[in-house]
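Right, one structure below, let's go through it.
Here, each number is a calculation from the coordinates, and none is a lab measurement. This one's a predicted model, so the numbers in the text were calculated from it and none came from an experiment. Positions of Cβ are generated from backbone atoms using ideal geometry, with glycine treated the same way; all protein chains shown enter the neighbour counts.
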Amino acid sequence: MPDQFNNDAAPNSVFAAGDDKTSFLESLKLRAAEVAKSFRLDMWLARHTPSSVLPRLMKVLQAVKDEFADAVQAGGGVYCVGVSVGGRHALLLASELGADVFEGQKEVSEEAAGKVEEGMVRRGPAVKAAVILHGATIEREDFTGVKSPIGLLSVNEDPLFSDEVRQAGIKSLKEKGVDVQEWTYPGVPHGRSHSSLHK
């Protein structure tokens, strides 16, 4: 498992919930703690955009291709799984993008907005296929360059990966002829296991 985040652990984003017996003061304290945690998480995400993470992942992929060349060739390429924030990076690794995006010199949103310089070298997809579990921070434009098959395991009404963005992305992939498999589960919070649903 590569260190995508340069040894900068994500802040705990699990919020404590009060019950009916929680005093007003305790409820206020819980809400203040939620706001503080949310702020820390937002600051952490701002430090770990694709422009900072993709160059690290590209180095890891090159090392994997060098060290395990026979296995990579036998499988037809490298496959990846991205969980939560890593789901966005997996989706981008399954894309054809400008070399400057993979090198961290340009944001994905700039490329999707058509700000690609004429003659810019295109690279990717960097992986043969990607599976995204409980994707987070994924935006509509992240689906624009996807060329590799995608597996998408999500939950309905996920505040970190809205139904609107997910459905628009799947629609655009299917329209482009990209192989996409989707599993969406209702009533499961972001990041929770779906194992109980498979019994």
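Mind ranking 54-67, 126-139, 149-162 by how tightly packed they are, going by the mean number of other C-beta atoms within 10 angstrom, highest first?
126-139, 149-162, 54-67
Taking a virtual spin label 7 Å from the Cα of Asn156 along the C-beta vector, which residues in segment 121-145 bring their backbone nitrogen under 12 Å of it?
Within reach of a label on Asn156: no residues.
Do any of Lys59/Lys147; Lys106/Lys171; Lys59/Lys106; Lys147/Lys171 go past 24 Å between their Cα atoms, and which?
As for pairs spanning more than 24 Å Cα to Cα, those are Lys106/Lys171.
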